[in-house]
Amino acid sequence: MDYDEVRAIDPEVAAALSGEVERQNETLAMIASENHVSEAVLEAQSSVLTNKYAEGYPGSRYYGGCEYADEIEQLAIDRAKDLWGADHVNVQPHSGSQANMGVYLAVLEPGDKILSLDLTHGGHLSHGHPANFAGQVYDVEQYEVDAESGYLDYEGLAEQAEEFEPDIIVSGYSAYPREVDFERIQDVADDVDAYHLADIAHITGLVAAGVHESPVGVADFVTGSTHKTIRSGRGGIIMCDEEYADDVDSAVFPGSQGGPLMHNVAGKAVGFKEALQPEFEEYAAQTVENARALADRLQSHGLELVSGGTDNHLVLIDLRPSHPDTTGKEVEEALEDAGIVLNANTVPGETRSAFNPSGIRAGTPALTTRGFDEEACREVGDLIAKIVDAPGDENVVAEVSERVAELTDEFPLYDDDEPLYE
Ligand SMILES: Cc1ncc(COP(=O)(O)O)c(C=O)c1O
């Protein structure tokens, strides 16, 4: 990854790209929504397909010369069907947010009602936050997790749905560390005659590998990002029953997008093929084991986790009980100085602002890709706890930074001689 061609034309961008390779190699990516794709996915995403217009769908395009675009998009669709067992798949959404927009546009009218999880309780902007188009176009009410347990409150959701009479209920979250009972949410949706959109952006890979319950075939619509736990490069995906296929397809194109990013569709096809290999199941299971090991170790240092642990790939630390005067942002910045990159996050019942919240979200998908096991993740838990105890102490930051450098050497990432994973 030397970017020689870029360097010859544009040394500034080449230097920044090389800097980013180095940054990814030399830091621990613990942002729960991030991962590292293979060189094969990188190659597909930087292919000549970036040149190609392919408005329409395989076999029915508005442009000529789509023979290879058709082949690749069909491969991505077929592999997604194999991975998740969906009837109908659209692989064209540019991102998870675009996928959600596609579903709303397919079945809602402006002013229709969305019932979704509050952002500060783990929901996502695209589920109807006022800053997002969905919050501006639709009538949104939000549910919350149980204040005591941090778990979804299914009974509360059912009562709220009864009262609000939503047109669609959105499940699937950005910062929820527990297994989601999609069937139970489907029952709530059925009872109030609402659609159910399960947004599995974060857990696409866990669902594909069978380490998290699948909403496919349960919820009316399933959306996701393709660059998180599924490691297929930036993009989005929509899955649904055949009965919604035409509405969904026309909501994506021409409803909300123009030409698909065919180079990204190629990345999805390659990443899905990788995820169909038996090793991917091991990867997904290890990601969850690693998150559990991290959670246990953080708790052993007296840190409080929302819901008391994790069933998936992420943990959410609530700093308030153990470190009431320390904010998430302070910890995020000190950790980044030490080479551990994660994000400050709101926690249920947040008492600070979204910019400087009381929590820290940490995920294991990217660490697991670079080979971390439970033991290594326990050690990362020790390192995080050290910084939480003394975010302003330069000596502690330097000490943690030294150990991070050793760990990144021990678990190399993009290495010209070694594939990241096979
Ligand atoms: C639950 C959920 N939905 C949608 C998205 C949006 O995904 P994207 O960034 O691909 O638009 C995210 C992003 O993290 C998410 O967590």
If we scan the range 290-304, do we find a residue that is assigned to a loop (DSSP other than H, G, I, E, B), closer than 30 Å to LEU383 by Cβ, away from the ligand (no atom under 14 Å from the Cβ) and open to solvent by 20 Å² or more (accessible area, probe 1.4 Å)?
yes
Can you name the strands (runs of 3 or more DSSP E) wholly within the range 163-240 that have at least 2 residues being among the small types (Gly, Ala, Ser), closer than 30 Å to ILE72 by Cα and within 16 Å of the ligand (Cβ to nearest atom)?
221-225
If a residue must be farther than 30 Å from TYR421 by Cβ and touching a Leu at 6+ places or on another chain (Cβ under 7 Å), how many such residues does the range 221-257 contain?
4
Just need a number here: residues in the range 92-134 that are among the aliphatic types (A, V, I, L, M), open to solvent by less than 30 Å² (accessible area, probe 1.4 Å) and within 8 Å of the ligand (Cβ to nearest atom).
1
Can you find, within the range 135-162, the residue that is nearest to the ligand (Cβ to nearest atom) among those that are assigned to a helix (DSSP H, G or I) and touching a strand residue (DSSP E or B) at 6+ places or on another chain (Cβ under 9 Å)?
GLY135
Search the range 24-37 for residues being within 20 Å of ILE360 (Cβ to Cβ) and away from the ligand (no atom under 16 Å from the Cβ), and hand back the single one that is surrounded by the fewest Cβ atoms within 10 Å (Cβ to Cβ).
THR27
Test ALA69 against the criterion of being out of contact with any Ser or Thr (no Cβ under 9 Å at 6 or more places or on another chain), away from the ligand (no atom under 16 Å from the Cβ) and among the aliphatic types (A, V, I, L, M), and give yes or no.
yes
Between a first residue in the range 19-42 that is charged (D, E, K, R) and a second residue that is away from the ligand (no atom under 16 Å from the Cβ) and outside any helix (DSSP H, G or I), which pairs have beta carbons less than 8 Å apart while being 6 or more apart in sequence or on different chains?
GLU26/GLY339; GLU39/TYR414; GLU39/PRO419; GLU39/LEU420
Take the range 252-285 and flag every residue that is more than 18 Å from ALA86 (Cα to Cα), within 16 Å of the ligand (Cβ to nearest atom) and open to solvent by less than 30 Å² (accessible area, probe 1.4 Å).
GLN257, PRO260, ASN264, GLY267
Tell me, please, whether a residue that is open to solvent by 10 Å² or more (accessible area, probe 1.4 Å) and at positive phi can be found in the range 180-194.
yes
Matching option when the condition is part of a loop (DSSP other than H, G, I, E, B), open to solvent by less than 20 Å² (accessible area, probe 1.4 Å) and not assigned by TED's automatic domain parsing to the domain that holds ARG231, among PHE372, PHE355:
PHE372
Restricting to the range 40-53, and then to whatever is more than 27 Å from the chain's Cα centre (by Cα) and surrounded by 16 or more Cβ atoms within 10 Å (Cβ to Cβ), can you tell me which residue is farthest from PRO260 (Cα to Cα)?
LYS52
Could you check, for the range 102-114, whether at least one of its residues is outside any helix (DSSP H, G or I), in contact with a helix residue (DSSP H, G or I) (Cβ under 6 Å, 6 or more places away or on another chain) and within 22 Å of SER33 (Cβ to Cβ)?
no
Any chance VAL265 is modelled with pLDDT of 95 or more, within 20 Å of the chain's Cα centre (by Cα) and more than 25 Å from GLY363 (Cα to Cα)
yes
Checking the structure you have, find out if any residue of the range 319-333 is hydroxyl-bearing (Ser, Thr, Tyr), touching a Phe, Trp or Tyr at 6+ places or on another chain (Cβ under 9 Å) and part of a loop (DSSP other than H, G, I, E, B).
no
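The values are calculated or read from the model by the stated rules, or taken from the named source; none is laboratory data. Quantities reported herein were computed from a predicted structural model and do not represent experimental measurements. Neighbour counts are summed over all protein chains in view; Cβ atoms, including those assigned to glycine, are modelled from backbone coordinates with ideal geometry. Each accessible area value is taken on the protein alone, full model and side chains, heavy atoms only, with ligands, DNA and RNA left out. Shrake-Rupley method; radii C 1.70, N 1.55, O 1.52, S 1.80 Å.
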